[in-house]
Amino acid sequence: MKIELVSITIPVHNEEDNLRVLTQEIDHALAASGQDYEVLYVDDASTDGSLTVLRQLAMGDPRIRVLALTRRVGQSGALAHAFEAARGEVVVTLDADLQNDPADIPRMLAALEDLDMVIGVRTTRHDNWLRRLSSRVANAVRGRILGDGALDTGCALKVMRRKTVARLPAFNGMHRFLPALVRMEGGQLAQVPVRHRPRLHGKPKYNVRNRLGRGVVDLLGVLWMQHRWVPRQPIEEVELCFGRRSGSPSVSSVKPFSLPDS
């Protein structure tokens, strides 16, 4: 099935040295596949020159859109703004630190087919041993408790249907639970191996100290949500035909009706 437009959504916080290279890599990867796309950068109140670079990039390419947040909201908040503003029928999430390789995007789009989500699984991690260990433990614990089947939910490279994303709740930490949320909504997903590269510029935004406590609280919150979730279902509205004679109305037809995406 041909995808008319893909929205590549990228949260940005103090990544000025990576943005030009990332934009070039996205263009090279998507142009080679012939896929029409837009890049939606969300500047999360950067304190360096990221916003200036983004404005320059947008002036030179109409496919680039920039959302500038005046107050920092974090990765989940930035993605929530991007999901709301995205115009494509398919949404791609990507980090701005160049550790994800945009060359993997066409292969993930091809794997989407009639699914709702495709998750990238990093085959070779270029992080220090502590980050790799903490990620492995977090994935194992989350998978055991939530049963989402995701091998590497910490990989930012994901492909999703926008109609599915539009139904998901926004909360701090949401980006780490996207596979579980999609499954709660009845979505089907696949996982594909992707490349992972070392960070060359800028500083990591997460570490064990600022993720452990928050991650446990978020996990318990999503577990509670799993047991209270009301997935949207297609329903049918019964259309009644009232004749001229007195008496009970008769059913003339059944018209399909679906709840709106959002």
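The values are calculated or read from the model by the stated rules, or taken from the named source; none is laboratory data. Just so it is clear, the model here is predicted, and its values are computed rather than measured. Reconstructed Cβ throughout: ideal geometry from the backbone, glycine too, with neighbour counts over all protein chains shown. Only protein heavy atoms, including side chains, enter the accessible area calculation; ligands, DNA and RNA are left aside. Shrake-Rupley method; radii C 1.70, N 1.55, O 1.52, S 1.80 Å.
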Set 144, 87, 136: member being surrounded by fewer than 18 Cβ atoms within 10 Å (Cβ to Cβ) and modelled with pLDDT of 95 or more: 87
Where residue 110 falls short, out of the listed (1) open to solvent by less than 50 Å² (accessible area, probe 1.4 Å); (2) farther than 21 Å from residue 223 by Cβ; (3) of a type in the set (A, V, I, L, M); (4) at pLDDT 90 or above: (1)
Sole exception among (1) modelled with pLDDT of 65 or more; (2) out of contact with any Gly (no Cβ under 7 Å at 6 or more places or on another chain); (3) hydrophobic (A, V, I, L, M, F, W, C); (4) not in a loop (DSSP other than H, G, I, E, B) for residue 130, by number: (1)
Segment 233-245 residues that are on the phi > 0 side of the Ramachandran plot, paired with ones that are modelled with pLDDT under 75 (beta carbon under 6 Å, 6 or more apart): none
Test for residue 9: is it open to solvent by 20 Å² or more (accessible area, probe 1.4 Å) and at pLDDT 95 or above: no
Those residues of segment 30-42 which are open to solvent by 10 Å² or more (accessible area, probe 1.4 Å) and part of a helix (DSSP H, G or I), in sequence order: 31, 32, 33
Any hit, segment 43-63, residues being open to solvent by less than 10 Å² (accessible area, probe 1.4 Å), among the hydrophobic types (A, V, I, L, M, F, W, C) and under 22 Å from residue 115 (Cβ atoms): no
Residue match in segment 51-64 (condition: touching a Phe, Trp or Tyr at 6+ places or on another chain (Cβ under 9 Å) and in a strand (DSSP E or B)): yes
